[in-house]
Amino acid sequence: MARDNHGSPQEDAALVSLSPSTSSSPRPQRVFSDLPDELLQAGWEKCWSKRESRPYYFNRFTNQSLWEMPVLGQHDVISDPLGLNAAPVPAEGGMPTTPKETKPAKRRLSEELPIPDVTKKLKMESTPATTPAAVPCSPVVPGVSLEEKQFANLIKATDVYWDLDIQSNVVVKPPPPSHLLPSPSQFLPPHPEVELLRSQLILKLRQHYRELCQQREGIEPPRESFNRWLLERKVIDRGPDPLLPSDCDPAVSPSMFREIMNDVPIRLSRIKHREEAKRLLFKYAEAAKRLIESRRASPDIRKVVKWNVEDTFSWLRRDHLATKEDYMDRLEHLRRQCGPHMAAVARDSVEGICSKIYHFSQDYVKRTREKHLALLRDANIPEPAPVAPSPDKRVFCHPVRLTTPALPVQGGVDVQQDGSLVCVRYKGESVRVNQSYFSKLFQLYRLSCTDDPGSEKFLARVWCLLRRYQVMFGTAQFEGSGLQGALPVHVFQALHRIFGVTSECFASPLNCYFKQYCSAFPDTDGYFGSRGPCLSFFPVSGSFEANPPFSEELMDAMVTHFESLLESSDQPLSFIVFIPEWRDPPTPALTRMEESRFKRHQLILPAYQHEYRSGSQHVCKRDELYYKAVHNTAVLFLQNEGGFQKWGPTPERVQELCTAYKHSGRFSNSSTGSSEKEPTREEGTSKDSMNN
């Protein structure tokens with residue numbers, strides 16, 4: 001794990017803050033006025049104070065309020081109490097001209113967002129504090145209550161690993177009629193009560209999986225196998241639940257079956273010492289004998305396995321001077337001789353585990369959906385009906401909009417700050433997120449949500465989102481974090497600057513760098529900018545980054561989807577794909593991309609010489625934010641002709657991208673003395689020359 005954390009790429013990133021308001025109005029009530037253009041451009045508005053029954057002037061940029069008409073260049077009583085930087089007041093009340101170099105700097109989009117007074121509607125908890133006195137007559141911050149100030153502190157980011165101001169001109173089209181996956185807009189709107197039930201059932205399903213592996217095969221569930229099962233099932237699932245599969249063919253998951261079978265009869269761990277190798281060889285032989293004696297097997301299979309096991313035991317008793325390599329060679333020989341026979345014997349049992357987990361999931365989906373539909377009926381919201389196919393027209397990309405109306409405001413969700421973490425609770429169930437990421441979620445919500453202008457549903461939707469990703473990751477330490485790993489900030493900056501990348505194909509509201517991205521859960525993530533799952537996303541033009549979770553089935557489906565998009569588009573389209581370079585055996589996705597006619601260039605980032613940001617970055621400590629990759633990463637450029645002409649990976653551009661990895665996260669500190677050596681190796685283009 002990384003031990004050094006280089007901070008935000010934007011030290012001056014925007015901080016969202018609440019606008020001051022009167023005690024009886026959620027935000028300053030603007031009144032019609034003929035303010036000079038200079039004041040309007042500087043952020044001043046004329047508002048009405050109900051408490052004082054007279055107008056005052058409010059600056060939406062600085063949150064400053066004045067009774068008298070402001071003068072440009074007048075000092076800020078908070079940041080400059082002595083007025084040292086104040087411009088001289090003109091005689092006869094004239095309006096001075098602001099010099100060009102002192103005009104207000106261009107505000108970032110996230111700073112210009114209108115921030116409603118949501119804290120009066122959100123339940124806040126804090127340590128007991130003395131009740132503040134009545135709001136003073138001075139209108140510097142008129143009517144800001146203690147709760148408002150607390151919430152304002154929660155949405156101030158201290159570390160920023162994203163850039164939500166980057167605009168995208170991506171054009172998309174509706175899915176073709178042959179697309180079988182459910183439409184992202186057809187999912188039901190999230191509700192804490194439903195999400196709580198779903199999370200409880202998923203934890204129960206994980207426990208069933210563990211018990212079946214222990215009882216039937218005598219092994220612990222392979223690490224991350226349940227998480228990869230969820231990913232693999234969603235590639236083909238046409239069921240109504242956003243997380244649990246219920247309509248898959250075949251019912252037996254190839255991913256789960258393969259991973260369990262790899263651990264039969266025992267899991268083989270990495271060996272460091274001679275004694276470990278000897279002990280593992282003995283345990284494997286003993287487990288193979290026990291397996292073959294407890295299952296139905298043909299006489300020939302029993303004979304072969306027992307003979308090899310007895311031969312191994314004899315060798316262990318006889319050879320006391322064997323080295324670690326000798327033990328490892330003997331173990332590999334035993335696996336080759338007995339492995340196929342044990343797989344044939346255990347096949348039915350392992351398939352039974354996979355099938356039973358899938359049928360449990362079907363039952364849990366039914367229970368969850370019945371609960372959800374009951375809540376809709378109670379709110380007099382009709383059950384969603386199938387939607388007719390959308391007309392085949394191209395539109396600018398936008399976040400997912402659910403067709404079913406949102407449920408009424410859910411009570412019982414509260415928020416509390418715990419050091420650098422923000423705790424969001426519902427019915428005693430807490431989910432946590434770092435304060436900066438809580439601020440990020442609030443900014444994404446204000447940018448993307450259209451049905452909640454007052455942010456009354458913000459906390460409930462944040463709780464549902466965090467709970468969803470919490471149960472998807474799993475319960476063990478660091479479990480699931482590899483599924484959500486992200487590229488370093490400097491690499492994202494280089495991708496945007498050099499190759500025009502403005503969107504991510506595999507991300508989440510928690511780890512995205514851009515405000516436009518695809519993610520797994522359109523129902524919870526759409527309010528925070530998600531464009532829906534990548535396999536249900538059909539862009540016509542644009543430049544994209546794709547760093548998929550390391551599921552072989554998902555990566556293979558990704559390649560099929562990208563090639564179809566590149567084939568059908570007549571506009572510039574580019575995908576820069578980051579996947580592990582697994583060669584033993586090679587993954588189908590990597591092999592297909594290397595042979596694709598759309599591959600324009602490929603480079604390899606060596607293991608331990610490049611980094612990822614942790615998938616648990618929204619809750620981990622600063623010194624755990626980055627980790628070095630333990631395997632090579634292949635970077636492949638898939639582009640149609642228009643994309644190649646516009647964003648082609650020329651040698652200069654590729655070199656600049658490689659340089660960005662040197663300056664990312666921990667690696668820039670740990671690479672002293674090796675700055676002359678490039679941490680990459682390149683492979684040539686497939687069909688197009690790089691001399692353009």
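The values are calculated or read from the model by the stated rules, or taken from the named source; none is laboratory data. Treat the numbers as computed from the prediction; the structure is a model and nothing was measured. Methodologically, a virtual Cβ is constructed for each residue, glycine included, from the backbone with ideal geometry; neighbour enumeration extends over all protein chains shown. Heads up: the accessible areas ignore ligands, DNA and RNA and are worked out on the full protein's heavy atoms, side chains in. Shrake-Rupley method; radii C 1.70, N 1.55, O 1.52, S 1.80 Å.
How many of the residues in the range 35-50 are over 15 Å from Arg60 (Cβ atoms) and either in a strand (DSSP E or B) or at pLDDT below 65 (or both)?
Total meeting the criteria: 2.
State all residues of the range 350-408 that are of a type in the set (S, T, N, Q) and either in a loop (DSSP other than H, G, I, E, B) or at pLDDT below 95 (or both); if no residue qualifies, say none.
Of all residues in the range 350-408, those of a type in the set (S, T, N, Q) come to 355, 361-362, 368, 380, 390, 403-404.
Hits for the range 350-408 are Asn380, Ser390, Thr403, Thr404.
Taking the range 535-563, which residues are within 19 Å of His398 (Cβ to Cβ) and open to solvent by 10 Å² or more (accessible area, probe 1.4 Å)?
Hits for the range 535-563 are Leu535, Ser536, Phe537, Phe538, Ser541.
Would you confirm whether or not the range 373-390 contains a residue that is within 30 Å of Phe550 (Cα to Cα), of a type in the set (Lys, Arg) and either open to solvent by 40 Å² or more (accessible area, probe 1.4 Å) or free of Cβ contacts under 8 Å to residues at least 60 places away in the same chain (or both)?
So in the range 373-390, the residues within 30 Å of Phe550 (Cα to Cα) come out as none.
No; the residues of the range 373-390 include none that is within 30 Å of Phe550 (Cα to Cα), of a type in the set (Lys, Arg) and either open to solvent by 40 Å² or more (accessible area, probe 1.4 Å) or free of Cβ contacts under 8 Å to residues at least 60 places away in the same chain (or both).
From the list Ala285, Ala251, exactly one residue is in contact with a helix residue (DSSP H, G or I) (Cβ under 9 Å, 6 or more places away or on another chain), touching a residue at least 40 places away in the same chain (Cβ under 8 Å), in a helix (DSSP H, G or I) and open to solvent by less than 60 Å² (accessible area, probe 1.4 Å). Which is it?
Numbers: Ala251 fails: in a helix (DSSP H, G or I).
None of the others qualify; the one that does is Ala285.
Quick check: is even one residue across the range 209-232 in contact (Cβ under 8 Å) with a residue 24 or more places away in the chain, within 30 Å of Val413 (Cα to Cα) and hydroxyl-bearing (Ser, Thr, Tyr)?
No; the residues of the range 209-232 include none that is in contact (Cβ under 8 Å) with a residue 24 or more places away in the chain, within 30 Å of Val413 (Cα to Cα) and hydroxyl-bearing (Ser, Thr, Tyr).
Could you please find all residues in the range 170-188 being under 16 Å from Thr368 (Cα atoms) and in contact with a Lys or Arg (Cβ under 9 Å, 6 or more places away or on another chain)?
Across the range 170-188, the qualifying residue is only Leu188.
Among the residues of the range 503-522, is there at least one that is surrounded by fewer than 20 Cβ atoms within 10 Å (Cβ to Cβ), touching a residue at least 12 places away in the same chain (Cβ under 8 Å), among the small types (Gly, Ala, Ser) and closer than 27 Å to Leu590 by Cα?
No: the range 503-522 contains no residue that is surrounded by fewer than 20 Cβ atoms within 10 Å (Cβ to Cβ), touching a residue at least 12 places away in the same chain (Cβ under 8 Å), among the small types (Gly, Ala, Ser) and closer than 27 Å to Leu590 by Cα.
Given the conditions (1) modelled with pLDDT under 95; (2) part of a strand (DSSP E or B); (3) not β-branched (Val, Ile, Thr), report the number of the one that Phe550 does not fulfil.
(2)
For a quick check of your reading of the model, give me the residue pairs whose first member lies in the range 430-458 and is assigned to a loop (DSSP other than H, G, I, E, B), whose second is open to solvent by 10 Å² or more (accessible area, probe 1.4 Å) and β-branched (Val, Ile, Thr), with beta-carbon atoms closer than 8 Å and at least 6 apart or on different chains.
Short answer, once both residue conditions are applied: Glu456/Val409; Lys457/Val409.
Scanning the range 292-335 for residues that are under 15 Å from Val264 (Cβ atoms) and loosely packed, with under 12 Cβ neighbours inside 10 Å, which turns out farthest from the chain's Cα centre (by Cα)?
Per the stated criteria, the residue is Glu293.
So which of Glu224, Glu259, Glu232 ends up being touching a Ser or Thr at 6+ places or on another chain (Cβ under 9 Å), open to solvent by less than 60 Å² (accessible area, probe 1.4 Å) and farther than 30 Å from Pro386 by Cβ? Before you say what the answer is, go through the steps one by one.
On the way: Glu224 fails: touching a Ser or Thr at 6+ places or on another chain (Cβ under 9 Å); Glu232 fails: farther than 30 Å from Pro386 by Cβ.
Only one candidate qualifies: Glu259.
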